[in-house]
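Written out below as structure tokens is the structure these notes cover.
The values are calculated or read from the model by the stated rules, or taken from the named source; none is laboratory data. Being a predicted model, the structure only gives us computed values, none of them experimental. Neighbour counts are summed over all protein chains in view; Cβ atoms, including those assigned to glycine, are modelled from backbone coordinates with ideal geometry. Remember, those area values only see protein heavy atoms, side chains included, never the ligands or the DNA or RNA. Shrake-Rupley method; radii C 1.70, N 1.55, O 1.52, S 1.80 Å.
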Amino acid sequence: MALSRAVFVESMDAASTRTVERAENLRRGDRVVLVVEWTGAEARRGTVVSSPIPESLQFQRASSDELEVSVDGGRSWGQLGNLRVGRRLAAPEEVTHIRLRTFGSSSGRLTYSAIVR
């Protein structure tokens, strides 16, 4: 399977028009959109596509409700609203990894947004 990743910076102008441009330099507080694309997954058995969240980023949200997240380095997985850190629910900025199970397709894309720490 081949994976590719791209990072885009999201911005709003004075007229509240949202733009997304390929990132060249990132600054603290930048809102970014990350795209992970894959090809060559074996569709019959399904494939799991996973990606760590860089430590310099705070995860915000994902493009798919089917996306699973981990808040413990990839040891356990689930939906963000169900995972706990100690006795409290995990917050988006505590996500360390994301993954998506794919079935019936030999290629795909997942996107998520984050804020530069």
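Within 24 Å of S107 (Cβ to Cβ), touching a Lys or Arg at 6+ places or on another chain (Cβ under 8 Å), assigned to a loop (DSSP other than H, G, I, E, B) and not basic (K, R): does that describe E66? In short, yes. Mind listing whichever residues of the stretch 79-117 are in contact with a strand residue (DSSP E or B) (Cβ under 6 Å, 6 or more places away or on another chain), over 22 Å from F8 (Cβ atoms) and open to solvent by 70 Å² or more (accessible area, probe 1.4 Å)? Within the stretch 79-117, just R101 meets the criteria.
Does S76 qualify as being under 26 Å from A2 (Cα atoms), more than 10 Å from the chain's Cα centre (by Cα) and open to solvent by 40 Å² or more (accessible area, probe 1.4 Å)? The answer is yes for S76.
For the stretch 68-117, the candidate set comprises residues that are over 26 Å from E21 (Cα atoms) and polar (S, T, N, Q); within that set, the residue that is modelled with the highest pLDDT is S70.
Only one of the numbered conditions (1) farther than 25 Å from A91 by Cα; (2) part of a loop (DSSP other than H, G, I, E, B); (3) not aromatic (F, W, Y) is not met by E37, and that is (2).
Could you check, for the stretch 42-57, whether at least one of its residues is open to solvent by less than 50 Å² (accessible area, probe 1.4 Å) and more than 19 Å from the chain's Cα centre (by Cα)?
Yes, the stretch 42-57 contains at least one residue that is open to solvent by less than 50 Å² (accessible area, probe 1.4 Å) and more than 19 Å from the chain's Cα centre (by Cα).
A single entry from V36, V48, V85 fulfils the requirement of being in contact with a helix residue (DSSP H, G or I) (Cβ under 7 Å, 6 or more places away or on another chain) and β-branched (V, I, T): V85. Please go through the stretch 1-28 and give me each residue that is within 17 Å of A114 (Cβ to Cβ), open to solvent by 50 Å² or more (accessible area, probe 1.4 Å) and of a type in the set (G, A, S), ordered by number. Result: S11, single match.
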